[in-house]
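Scroll down for the structure; my scribbles are underneath it.
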Amino acid sequence: QVQLVESGGGLVQPGGSLRLSCAASGSIFSFLASGWYRQAPGKQRELVARIDRGGITNYADSVKGRFTISRDNAKNTVYLQMNSLKPEDTAVYYCNGRTMKDYWGQGTQVTVSS
């Protein structure tokens with residue numbers, strides 16, 4: 001049984017930064033991949049960033065160059081550093097871990113507004 005808990009969301013001004021954390025109750029290395037998804041009101045959940053077991057990362061085009069996903073296996077934690085935030089980044093951000101099934105956190109709200 002794996003539990004994922006996100007933290008670090010909040011309200012920031014455009015151009016600001018946030019760092020999201022996803023703490024797992026089990027080893028994140030057991031995941032085929034770990035990642036961050038987001039869902040804005042009225043929209044489907046979309047992939048933001050992903051990191052696989054080999055450390056290979058993938059980013060949505062909309063966040064490339066602004067967001068960075070990283071992990072600390074010893075701490076069983078995945079991070080998402082978000083810089084140069086835009087209002088369109090406003091969404092609930094979810095942590096994901098993939099094995100033979102998907103594990104999801106409860107989500108953390110990120111609001112970018114002046």
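Remarks
- Residue-normalised accessible area of the chain, expressed per residue, 1.4 Å probe, Å²: 53 Å²
- Estimated inter-spin distance, residue 72 and residue 2, nm [label 7 Å along Cα→Cβ]: 1.9 nm
- Within the accessible surface of the chain, defined with a 1.4 Å probe on protein heavy atoms only, the carbon and sulfur portion equals 48 percent.
- The separation of region 8-41 from region 52-105, counted between C-alpha centres, amounts to 5 Å.
- Solvent exposure, largest accessible area first (probe 1.4 Å, DNA, RNA and ligands not counted), of 61, 102: 61, 102
- Label-point separation, residue 23 to residue 100 (7 Å along Cα→Cβ), nm: 2.9 nm
- Per DSSP, loop trypsin sites (Lys or Arg not before Pro) in region 54-99 with at most 13 further Cβ within 10 Å: 64
- Straight-distance candidates among the lysines for linking to residue 43, with alpha-carbon spacing under 22 Å and chain neighbours fewer than 8 residues away dropped: 64, 86.
- Heavy-atom accessible area for residue 90, with the other protein chains in place and a 1.4 Å probe, reaches approximately 40 Å².
- Taking 0.36 nm per residue of separation and subtracting the current Cα-Cα distance, fully stretching the chain between residue 64 and residue 81 would add 5.0 nm.
- Nitroxide proxy distance, nm - points 7 Å out along Cα→Cβ at residue 43 and residue 114: 2.0 nm
- Within a Gaussian network of the chain (alpha carbon springs, distance under 10 Å), most fluctuating of 84, 21, 62: 62
The values are calculated or read from the model by the stated rules, or taken from the named source; none is laboratory data. Keep in mind the model is a prediction, meaning the values are calculated, not measured. Counting neighbours? That spans all protein chains shown, and the Cβs are built from the backbone with ideal geometry, glycine included. Each accessible area value is taken on the protein alone, full model and side chains, heavy atoms only, with ligands, DNA and RNA left out. Shrake-Rupley method; radii C 1.70, N 1.55, O 1.52, S 1.80 Å.
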